[in-house]
Amino acid sequence: FRGAVVEVCSGRMSSPHSTNPLLHPTAKIPFSHIEPGHVTAAITTHIARGRDAIEQIVRRHADTGATPTWASLMDALDAAVQPLDWAATLVSHLDSVRSSDALSAAYAEVRPEISAFYADLPVHAGLWALLSAFAATEEAKHLDPVRARALSKTIDEFRRHGAMLSDEDKRVLVE
């Protein structure tokens, strides 16, 4: 990761994949390097990686039978969605301040995919089971106020967006 940050910020890009600045979250935002052609590739890559990471979180707990912890669930979930959050936020910002027909079209093309990714999270049965299990742990009962609020908001958001619906109702909601 550090190598990608240095390459993007310095302008030295060593592989075809690294020529897309939206693929490498950095503290120094590479606005001048972002082109409309980068949007679809980066967003679809981040969505695929995010879905894979979420499935790995669920699978890891299922395979080991381990009780979810803040680190194994909440931090891991945050890490799974952070690259997409970063790239989508940059594209949205650019579209609002330095829009072009090409950038607007590229962003319009990926917005439904971004929405679908986030809509799928609360109805993911495995994630909901892990969140519910974690909320019942001693660790969760003794979280500092900031983490306790984050957990509470996450659980509330999942409930509001269908986590407790039947499988059939979830399918209808997602369609």
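Total residues in the stretch 84-99 satisfying the condition of being closer than 15 Å to THR45 by Cα, open to solvent by less than 30 Å² (accessible area, probe 1.4 Å) and not small (Gly, Ala, Ser): the figure is 2. All of (1) farther than 21 Å from GLY50 by Cα; (2) out of contact with any helix residue (DSSP H, G or I) (no Cβ under 7 Å at 6 or more places or on another chain); (3) among the basic types (Lys, Arg) hold for ARG147 with one exception: (2). Please go through (1) touching a Pro at 6+ places or on another chain (Cβ under 9 Å); (2) open to solvent by 80 Å² or more (accessible area, probe 1.4 Å); (3) within 23 Å of ALA53 (Cβ to Cβ); (4) not hydrophobic (A, V, I, L, M, F, W, C) for THR137 and return the number of the only condition it doesn't satisfy. Evaluating THR137 over (1) touching a Pro at 6+ places or on another chain (Cβ under 9 Å); (2) open to solvent by 80 Å² or more (accessible area, probe 1.4 Å); (3) within 23 Å of ALA53 (Cβ to Cβ); (4) not hydrophobic (A, V, I, L, M, F, W, C) leaves (2) as the failure. Checking each residue in the stretch 1-21 for being within 21 Å of the chain's Cα centre (by Cα) and at pLDDT 85 or above picks out ASN20, PRO21. Given the condition of a type in the set (Lys, Arg) and more than 24 Å from LYS28 (Cβ to Cβ), answer yes or no: does some residue in the stretch 106-120 qualify? Looking through the stretch 106-120, at least one residue is of a type in the set (Lys, Arg) and more than 24 Å from LYS28 (Cβ to Cβ). Considering (1) within 30 Å of LEU130 (Cα to Cα); (2) surrounded by 13 or more Cβ atoms within 10 Å (Cβ to Cβ); (3) modelled with pLDDT of 95 or more, the lone condition that HIS24 does not fulfil carries the number (3).
Listed conditions (1) farther than 23 Å from ALA87 by Cβ; (2) assigned to a loop (DSSP other than H, G, I, E, B) are all met by ILE29, apart from (1). Highlighted here are the helices (runs of 4 or more DSSP H) found entirely within the stretch 64-175 that include at least 2 residues which are more than 30 Å from GLU35 (Cβ to Cβ) and acidic (Asp, Glu): 138-141, 145-160, 167-174. Summed over the stretch 29-61, the residues that are in contact with a helix residue (DSSP H, G or I) (Cβ under 9 Å, 6 or more places away or on another chain), at pLDDT 95 or above and of a type in the set (A, V, I, L, M, F, W, C) give a count of 9. Looking only at residues of the stretch 59-80 that are in contact (Cβ under 8 Å) with a residue 24 or more places away in the chain and buried (at least 19 other Cβ atoms within 10 Å of the Cβ), we find that the one that is farthest from PHE158 (Cα to Cα) is HIS61. Identify, by number, the condition in (1) at pLDDT 95 or above; (2) open to solvent by less than 40 Å² (accessible area, probe 1.4 Å) that VAL123 doesn't meet. Checking VAL123 against (1) at pLDDT 95 or above; (2) open to solvent by less than 40 Å² (accessible area, probe 1.4 Å), the one that fails is (1). Of the residues contained in the stretch 141-149, none is found to be under 24 Å from HIS24 (Cα atoms) and open to solvent by 50 Å² or more (accessible area, probe 1.4 Å).
The values are calculated or read from the model by the stated rules, or taken from the named source; none is laboratory data. Small disclaimer: the values here were computed from a predicted structure and weren't measured. For neighbour counting, all protein chains shown are included, and Cβ atoms are generated from backbone atoms with ideal geometry for every residue, glycine included. Quick note on the areas: whole protein, heavy atoms, side chains included, nothing else; ligands and nucleic acids left out. Shrake-Rupley method; radii C 1.70, N 1.55, O 1.52, S 1.80 Å.
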